[in-house]
Amino acid sequence: MFHSCFFPRSCNVVLCAVLCWLPSAAAIGNDPLLERDVLPILTKNCMGCHGGIHAEGELDLRTLPAMLAGGESGPAIVPGKSDHSELWLKIESDEMPSGDNEKLSDEDKAVIKNWIDAGLPTVAQSQENSDPLLSPGKAHPPKEVAVAIDQHVDTFLKEADLTAAGRSDDAEFLRRVYLDLSGRIPTAEQARDFLNSEDTDKRVKLIDALLASDEFGEQFGRTWRDWICPPELPSDMNSGKQPHQQARELGKWLGEKFNANESWDKITRDILTVEGKIKEQPQVIFFPLVGEEGKSTPDGSAQAVASLFLGVQLQCARCHDDPYRTWSQQEHWQLAAFFGNSQADFDKVEVGKGPSKKPGEIIIPDSAFRNQGDQVRAAFLGSGAAPKTNDKDLRKPLVDWMTARDNPYFSRALANRAWFYLFSRGIVNPIDDFRELNPPSHPGLMDLLAGEFAASGYDVKHLLRCICNSEAYQRTSRPVAELDERENAALATAFGRMPLRVMSADMLFDSLKLAYADEKLDLRGGTAQHNTSGESAAVGDPYLEFQRRFGTNEEDATDFTHGIAQMLTMINHPRLLEGSNGLEEFRKANPAADQKQQIEWLYLSTLSRLPTAEELNDAAEYVEQADEPNKAFHDILWTLVNRSEFILVR
C-alpha cells in the first residue's frame, strides 16, 4: 500500500485534473496557479537538478518559499516581474533545463512567465480562510453535518459550472450502502422489504441498522487490514511461511473494535504501543507487516505510521531529502527514532530491544544514501519538538502527540481516508500526501469532516453516518446523458456523481456466498475436475485463493483490474453453474411461488432489484423453452452473477 520513492507521473495528471475544477481557479481568474499549472512543469523538467536530492547552485524549486529564497545567484523569481526573475530568464533562453535535456515548449514557457507576472498565485492562498460551516469544537447531529457536506460540494460544483447528477433510486442506494457498510449485497428478503417500504426515513434507518450490525465491523476491519498489509506478505526467514492467518486475525480484532465503537485514538494507541505476545494481542502483527523480512524496522514503522495515521508520505526521505516534498531525511529519522527501542516479529513485540542504543536516539544506517552513521534524536513530525519524558518506550508520547485534538494530521488523515473509502478518491489525493502543495480539492469540507471527527471523540461510526446521510453520497452513479465521457469523469472527480467501483475481493466473495446460499463456497481451480483457468493447483484455502484471484487496486477502486483469469473462473467454474441452495430454500418456504416470483427472487438476491418487464419476459421465455426448467433457473443465476452490474458498486 505504500508508494515507491519516485513521484508517479499519474499523480501529476490526477492533481491537474482535480485542480482544473477548483473554485479557487474561478475566483483568481485565468491566471496560472502554482499547484495546478506550474509545479507539474517544474517537476517534469527541472527538479532532477533542483529538488531534494540535487540542488545545483543551491536552488530548490519544490516550494514557493524556496524559489523566493533562490540559490547562489539570488532569488529565482520576483513577484510580478518575469523580466527580473532569474528562473524565467534561464528558461526563456533555454539554459534551463541544462545540457541536452529537452527544453520547455512555448506553451509551458508561457505558463511560467504568466504565473510570475500575475504575482505567483497559488491555490493554497485562496483556501486559507475556508469556512467549515459548522461551529468547531463540538459534535453535531449527523443530518446537520450531512447538510453542511452538501453545501460544500454544491458550492464547488456551482463555481466550477457543473450540475450534480440526480439522486440514486432506492435499489441503487440499497445495494451501495449494503456493500459499503456490511461488505455484501442484501438478501432477497432484505431488498424486497426496503424497496416496498414507504417510510420516508428508510434510508436513515438503514444506515443506522448497518452501522449497528456486526458485519460493519467485519467489513471495516478487513478494509483496514488490507490498507496495512503490503501487496505480498513478508515471509518468516526460517520457515518461509507468510502470516496470512495472523493478518486475518488483525482484521478480526479491528472489526471487534469498530463494532464496540471504540474511538479511533484508542484503537491507534492499542496498535502502536502494543507489547507482548501475538496470541493475546493480534495487533502485534502490525509492526512486522510494515517492516522487512518478517521483522520490524524503525524506518518501516515510521513510514507506515506517517502514511496510515497521519496522511503523509515519508518513504522518499529515508535516504535523502524528498525531491518533491518538503520532508527532510532528518525528519524521517526523527520519527523513526520513536521506534528504535523496540523490536517485533510474527510472535511478539519487545520493548528495550532494537537498533537504538539509547531510547530516543537512532543512527542512520549504512543502507541510506546519505548521512550514514549520523545520530538523530526523536522529534515530533513537522515541529522538531522532542518528547519530554524519561520513558524507555517513546511510542507512548508519540501517540499522545498524534491523538491530541490540535494535531494537524491525525483527524484529517482518517476523515480523508473515510471519504476515499466511500467515493474512491480523497478530498486530498493521494490520500497519504497531505502537504501545502497538494491542497484539498474542497478545503472547507476537509476542515468540516476533520473537525467533526475530532469533536465526536474520534467516533468512526459517527463520521461514516454523517457522510452516508449526505446527498453527495446518495447521488446516482449513472452518467449524465447531456455530458460527454470527460465531463462525466470531471463530475465524479468533483463529487457531483458517484463513481462506478469494482467490488473488493471480500465483497465479491461474501456476495457470491450469499447469492448461492453457500457459506463454504469454494472457487479454487487447478484440480483435474475444477481447472477453470489453466493455472496450477491452488496452495491456499478457498478464501486466500479467492483473494489472490480477485484482488483489486486498493488505491483506485474505479480501476477494473479483472481479466481473463477472473472471467474464466466466473464463467466456467462448475460450482457457479450448479445453482443456488437459496432458491431451493425459497421454494420450500414458498411452495406456491410461480415462475415469475422465482425469477424476481433471483434478481433480488443478486442485483438487489426487480427485473424490468423485458428482462422478466426474456427469463420466462428461456425457462419455458428449456428441456430442464430447474437447470434454466440455475442458468439465469449464472447469467446474473456474470453481469457487470453484479461485480460493480454503483
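Worth a mention:
- Cleavage-rule hits, chymotrypsin sites (Phe, Trp or Tyr not before Pro), the stretch 317-383, DSSP coil, Cβ neighbours within 10 Å at most 15: F369
- The local environment of K513, defined by Cβ-Cβ distances under 12 Å, has a net charge of -2 under the rule Lys, Arg +1 and Asp, Glu -1.
- At an R0 of 45 angstrom, the distance between the Cβ atoms of E519 and N238 translates into a FRET efficiency of 0.80.
- Pairs from the list K81/K103; K461/K520; K279/K513; K353/K461; K44/K90; K138/K392 with a Cα-Cα gap above 26 Å: K461/K520; K279/K513; K353/K461; K138/K392.
- Dipole size of the stretch 104-228 about its Cα centre, with +1 on Lys/Arg Cβ and -1 on Asp/Glu Cβ: approximately 260 debye, rounded to the nearest 20.
- Here each label is just a point 7 Å from Cα along the line to Cβ, and for E615 and R486 those points are 3.4 nm apart.
- The Cα-based radius of gyration of the stretch 272-324, divided by its Kirkwood radius, gives an Rg/Rh of 1.05.
- Sum of side-chain charges, I364 neighbourhood, beta-carbon under 14 Å (Lys, Arg +1; Asp, Glu -1): -2
- Only DSSP H runs of four or more residues enter the estimate; each adds -39500 (n - 2.57), and after division by the residues of the chain the mean residue ellipticity at 222 nm equals -13500 deg cm²/dmol.
- Only the Cβ atoms of Lys and Arg (+1) and of Asp and Glu (-1) were treated as charged; on that basis the dipole of the chain about its Cα centre amounts to roughly 1660 debye.
- R0 of 56 Å, Cβ-Cβ distance R478-E350: FRET efficiency to nearest 0.05: 0.55
- The mean sequence distance of close C-alpha pairs (under 8 Å, at least 6 residues apart), as a share of the length of the stretch 43-195, puts its relative contact order at 11 percent.
- Counted charge near P387, where neighbours are those whose Cβ lies closer than 14 Å (Asp, Glu -1; Lys, Arg +1): +2
- Rounded accessible area per residue of the chain, 1.4 Å, Å²: 43
- Entry for semi-axes √(5λ) of the Cα gyration tensor in Å (calculated from the structure that is shown) out of [x] 45, 32, 24; [y] 39, 37, 27; [z] 59, 45, 21: [x]
- Separation between Cα centres of the stretch 469-505 and the stretch 233-303, rounded to whole Å: 35
- Solvent exposure ordering (accessible area, 1.4 Å, most first) of T639, T326: T326, T639
- The slack between D406 and A110, meaning 0.36 nm per residue of separation minus the straight C-alpha distance, is 102.4 nm.
- Taking GluC sites (Glu not before Pro) across the stretch 174-224, the ones in a DSSP loop with at most 10 further Cβ atoms lying within 10 angstrom of their Cβ are E198.
- Distance between the 7 Å Cα→Cβ label points at D214 and D627: 4.6 nm.
- Once the Cβ-Cβ distance of K44 and E159 is raised to the sixth power relative to R0 = 51 Å, the FRET efficiency obtained is 0.95.
- Chain lengthening between A592 and K138 when straightened (0.36 nm per residue, less Cα-Cα): 157.8 nm
- A straight chain from D366 to S328 at 0.36 nm per residue would run longer than the Cα-Cα distance by 11.9 nm.
- Rounded percent of accessible protein surface that carbon and sulfur make up, the chain, 1.4 Å probe: 49
The values are calculated or read from the model by the stated rules, or taken from the named source; none is laboratory data. All figures in this text were calculated on a predicted structure; none of them were measured in a lab. We place every Cβ from the backbone using ideal geometry, glycine too, and count neighbours over all the protein chains shown. All accessible areas refer to the heavy atoms of the entire protein, side chains included, with ligands and DNA or RNA removed. Shrake-Rupley method; radii C 1.70, N 1.55, O 1.52, S 1.80 Å.
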